[in-house]
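Encoded as C-alpha cells, the structure appears first; notes follow it.
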Amino acid sequence: MSNMMMESGGSAASPMMLSPELQEGYEQLRRLNIFDGIPHDVLSAALAGGGIQRRVFKRDRFVADPASVRGSQATLCYVVQGQVAVAVFDESDLEHRRQEQERYDRMTDKERQELSLLPPEPLARVAKKNLALFIEGDLFNAKALNNIATDRAVAFYTVDNAVVAVIDNATVANLAGHYSFFEARFRRAIESAHSRLADVTGVKQELLDFFVRQGISVSGPHVRVRQLDRCIDCKMCERACEERYGSKRLTLGGYQLGMLDFVYTCRTCTDQRCVSGCEYDSIKYDTNLNEVVINEATCVGCTMCAQSCPFHAIEMVDVEDPSHPNHRPAFKARLDAAEALKFGAGTGRVARARRIANKCDHCIQFFDQACVSACPTGALIELSAHDLFRERSDSARALAKAGYDRDLRRDNKELLPTTPFTRGISVRDGGRAKIRRGKMFPVIFWGIGLAAFLLAVAEIILRAYWPTNSFQYFLEMNDPDAVQAMVIEKIGFLPGDELAMLCGYIGTVLMLIATLYPMMRRMKMFRWIASNTMWFDFHMMTGTVGPMFIVLHAAFKLDNWVASAFWAMVIVVVSGVIGRYLYTQVPDLAHGRELEELEHQRAFARLRHQHPEATQAAERMLAHHRDAATRVARNANFLWALTWLVLEDLRRPTRWFARRRKLRKTHAPKAVVRELIRRTGRMILIDRRGVLVPRAQLLLHSWKKVHVPFTIVMVVISIVHIYDQRVFLVNLFAGG
C-alpha cells in the first residue's frame, strides 16, 4: 500500500468492489473498535492488497508454528473472535498434527464429508504446556516463534472456532504513521498483553495451563467444582442426581487442581464438540435455555456425542440388557414413563434403541440442582470460571472491547490468584447454582438452641445464689397463700424437679433429632423443604446443644446406671467432633499442597540469595518440625497420632511468636521477616501432609465405628430410662 493511497484514501479499493469473501471480512473488521476512524477505502485497500488478512479457523487448528512463519512478513495477529493459545508440543506431535491440518486443507468437500465425525484429541490436551491464552481483542506476534522455539516446538493454535486478523509490518507502520490514534491503540494493546503475560510464571503458569488444558476457558458461564476441604465424601450429590434421573450425571474425582475438584459433568462448552458428531439432531445447544440438551425420544445410542466429549461428561446408559454394567433400571423406568423409548412409525426413531445418552443439563427443568441441594456441607458449588481463574482483569477486558481507546487502568486485584487453589474458597451456599438457600436458618437454629440453654443455666444460677430473682420464685409467689420464707426454702435445683425434667425432655428431643439425620438427608421430603446443608447444620446444632441440656437434666449427679447413657452420649459427641475435625484436616493435608509448596520453594530460593541468614534460620525451624513429624509417623500409635495432630494445631500461636523472635535476631528487614514467618508456618503444615495423611486417613475411616454404635447405645439406654421414669410416675400417682 503506497503512502499516496493512505493520504488520499483512493477509490481503487472501495468496499463495494471487494470480492464476497473480502467483503465479509471487511464488514467484520469494520465493526471492531480498534479500526474505528480508519477510512473505509483505506481499510478495504489493506484487505484487497493482502496487508490485512482475515483468517477463519476451526478449533484445534494451528494459526502459526515455526515452519509457517519462517520468512513470512506477517508479524501481528489480532484475535477478532474465539480463543488462541500458545503452547509447547512434542516435536513429533506437532509435525503429525500440522501434516493432518495441511492434508485437510487440500481436501475437497466430498473428501471431507467422508472423514470420521469423531474429532481428534484437543490440542490443549496434546500440548506439553500451555503458555498463554489470547481472546477477543488480544494482539500477539506470530514471528516471536522464531525467537522462543529454538529448542522447543512451540505453536499458536485455536482453542475454539476463531477469526484472526493477520497484519503485516508495512501495513502496521503505514496505518500508525498516518493515524496517530491507531498507533496509540496498537501501543496500548501490546502493553496490555505484555503486562499481563509477564506475571504468568511459576504457580500461575500451572493455573493457566490447567485453565486451557481442561477446557475451562471455553466452558459456559458457570463451572461446577467440589471444595475438597469441605467434602466429607458422603456421595450424597451422586445419589441425589441418580434418584432424580435414574442414572447419575456427575462423578466426583474429576480434574483436580489444589483444593478444588472439577467434577466430571457437563460444562456447556462454547464450542460444543458433542453436538457436531450427532447425525440425528438428538443433542443440540438450546439458545433459549443456554444449555446443551439431549432429546431422549430420538437418541439412537450411536455414542458419537460421548466419544466427542473430551471431559467424560456424557454416559451411554444401557436400556435393554439388565446384565450390562451400564444398565440402570430406574433410568429405563423414567424413560418408559415419559414414553421416550418408543420406536417405529410416528415416533422419534426407526429402530429400538439399546442405549441412550445421559448428561447433565443443570436441572434446567427443576427449581434446584439435585446434586448441590443434596450436599450436606456445601462442598459442591458452581462458580464463574472467569471469577475463579481471573486470567485477566475486568478493566483489561473492557479496554480490549473498546478498542484500546484509552490507557489501561491499574487493577489492584491479583491475576490468576493462587489462594482459591492452595487455601480453598470457603463458599458453602451453592455459589451460582440453583439451590434452596435458607442462609439464615443455621444462625436461627444455633441462636434459639444456645439462648434456651443459657436461659436454663441462668435460672439455675439464680436459684443457687439469688433465689428471689429466679423465675421459680416469681411463679411460687403468684400464689396468694404463699409464704416468702417457705418459698425461698423450696427454691433449688435437684434431679427430678420440673426444670431438670424439662431440660431432659428438650435434650432428649434434640438428641433424637440428631440421630435421625441420616434418614432426613436421604428422604426427598426433607430435601424438598430445604437443602441438605441446612439439615446438616441442624444436626450439628441438635447434637451439640442436646447433650448440654442432658447435663443439666442430670444435675451433675452421675452415680447410677443411667450415667452410662450420659457417657455414651459424651463418646458420641466427642467422636462426632473428632470426625468433623478429621474431615476438614485430611483433605487440607492431602490436596492442594503441590501448588503451594512450589510457590514457597521459589520464594525461599529467592530469599536465600538475598537474605541468607534469615532464610537459614527459617529452614532450621522447618527441619526441626519435619524430624518431629517423621518420628510421630514412624512410631506413634493410633491415639498418639491424633493427639499430636490436635496439639500441633493448638500450638500454632506459640510457634508464630517463636519464629518471630528468632527471625528478628537475624536483623533482616521487617517485610522479609513477615514473609518468612508466614511461609515457614505454611510449610510446616505442608510437611505434615507427607507423613501424617495415611495415619489421618486411617483415623477418618475409623471414627464412624465409634460414633454410630455408641449412638445406638445412648438411644437404647435413654429409651429404657424414659420408660422407667414413666412407670415410676404412673405408680406414684396410682398409689396417691
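The values are calculated or read from the model by the stated rules, or taken from the named source; none is laboratory data. Since this is a predicted model, take the numbers as computed values, not measurements. Cβ: placed from backbone, ideal geometry, glycine included. Neighbour counts: every protein chain shown. SASA here: full protein model, heavy atoms, side chains in, ligands and nucleic acids out. Shrake-Rupley method; radii C 1.70, N 1.55, O 1.52, S 1.80 Å.
Observations on the structure shown:
Residues checked against (1) closer than 30 Å to Ala338 by Cβ; (2) of a type in the set (Gly, Ala, Ser):
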site	(1), (2)
Val218	no, no
Cys237	yes, no
Ala240	yes, yes
Tyr255	no, no
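- Pairing residues of segment 651-671 that are at positive phi with residues that are part of a helix (DSSP H, G or I) and open to solvent by 80 Å² or more (accessible area, probe 1.4 Å), at Cβ distances under 9 Å and at least 6 apart in sequence or on separate chains, gives His667/Glu613.
- Any hit, segment 551-564, residues being part of a helix (DSSP H, G or I), at pLDDT 80 or above and closer than 25 Å to Leu454 by Cα: yes
- Of all residues making up segment 362-392, the number that are open to solvent by less than 10 Å² (accessible area, probe 1.4 Å), assigned to a loop (DSSP other than H, G, I, E, B) and among the hydroxyl-bearing types (Ser, Thr, Tyr): 1
- For segment 64-81, the set of residues classified as open to solvent by 20 Å² or more (accessible area, probe 1.4 Å) and either assigned to a helix (DSSP H, G or I) or at pLDDT 90 or above (or both) consists of Pro66, Ala67, Ser68, Gln81, listed by residue number.
- The residue list Asp286, Asp261 contains one member that is within 29 Å of the chain's Cα centre (by Cα) and open to solvent by less than 20 Å² (accessible area, probe 1.4 Å), which is Asp261.
- Counting the residues of segment 408-452 that are more than 17 Å from the chain's Cα centre (by Cα) and at pLDDT 85 or above gives 7.
- Among (1) outside any loop (DSSP other than H, G, I, E, B); (2) of a type outside the set (Gly, Ala, Ser); (3) closer than 25 Å to Val88 by Cβ, the one test that Glu136 misses: (1)
- Of all residues in segment 472-491 being surrounded by 15 or more Cβ atoms within 10 Å (Cβ to Cβ) and not β-branched (Val, Ile, Thr), the one that is nearest to Ser531 (Cα to Cα): Gln472
- Taken over segment 318-336, the criterion of being open to solvent by 50 Å² or more (accessible area, probe 1.4 Å) and charged (D, E, K, R) is satisfied by Glu320, Asp321, Arg328, Lys332, Arg334, Asp336.
- Candidates in segment 111-134 are the residues that are in contact (Cβ under 8 Å) with a residue 40 or more places away in the chain and open to solvent by 70 Å² or more (accessible area, probe 1.4 Å); of these, the one that is nearest to Asp281 (Cα to Cα) is Leu117.
- Of the set (1) in a helix (DSSP H, G or I); (2) buried (at least 21 other Cβ atoms within 10 Å of the Cβ); (3) out of contact with any helix residue (DSSP H, G or I) (no Cβ under 9 Å at 6 or more places or on another chain), all apply to Leu175 but (3).
- Hits in segment 419-433 - residues which are more than 19 Å from Arg678 (Cα to Cα) and of a type in the set (Ser, Thr, Tyr): Ser426
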